[in-house]
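The values are calculated or read from the model by the stated rules, or taken from the named source; none is laboratory data. None of these values were measured; they are calculated from a predicted model. All Cβ positions, glycine included, derive from the backbone under ideal geometry; neighbour counts span all protein chains shown. The protein model used for the area step is the full one, side chains on, heavy atoms only, and it has no ligands, DNA or RNA in it. Shrake-Rupley method; radii C 1.70, N 1.55, O 1.52, S 1.80 Å.
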Amino acid sequence: VQLQASGGGLVQAGGSLRLSCVASGSIFGFGTMSWYRQAPGKQRELVASIRRGGTRNYADFVEDRFFISRENAKGTVYLEMNSLKPEDTAVYYCSALSVLNDRINYWGQGTQVTVSS
């Protein structure tokens, strides 16, 4: 199984970015797909998750600024980020749970998001 994240970059405060993550290698597809982030010197934290059926969950700090979506047929999860703040600067990682065993969580390589003030 492989997860390939893309879409990060440098943006000014108040700007937007759209992250994408393509998961491949499972003929069964994937369970819950999520985005996490890790800022320098901080622990990795959950940003948003979406179940296979579409139920979404967001961290409190998202404050309705981000939107997570997925295309099951493509094994792809997206994170639309708006009204970005400097404190959103981090490496963003995507993850996907195995359909057969939800204790198995696959990870992508991360994509850097930098928000300048």
Output for Cβ contacts, cut-off 9 Å, separation at least six or different chains, first residue on the phi > 0 side of the Ramachandran plot in segment 3-16, second surrounded by 13 or more Cβ atoms within 10 Å (Cβ to Cβ) and assigned to a loop (DSSP other than H, G, I, E, B), reads 14/82; 14/83; 14/84; 14/85
Number of positions in segment 42-53 that are out of contact with any Lys or Arg (no Cβ under 8 Å at 6 or more places or on another chain), modelled with pLDDT of 95 or more and either open to solvent by less than 100 Å² (accessible area, probe 1.4 Å) or acidic (Asp, Glu) (or both) | 1
Hey, could you check segment 30-41 for residues that are over 13 Å from residue 114 (Cα atoms) and of a type outside the set (S, T, N, Q) and say which is most open to solvent (accessible area, probe 1.4 Å)?
-> 41
In segment 3-29, anything modelled with pLDDT of 95 or more and open to solvent by 50 Å² or more (accessible area, probe 1.4 Å) is listed as 4, 6, 10, 12, 13, 14, 16, 18, 22
Residue by residue through segment 85-117, note down the ones that are farther than 24 Å from residue 16 by Cβ, in contact (Cβ under 8 Å) with a residue 40 or more places away in the chain and open to solvent by 50 Å² or more (accessible area, probe 1.4 Å).
-> 99, 100, 102, 106, 107
Which ones in segment 54-81 are among the small types (Gly, Ala, Ser) and surrounded by 14 or more Cβ atoms within 10 Å (Cβ to Cβ)?
-> 59, 69, 75
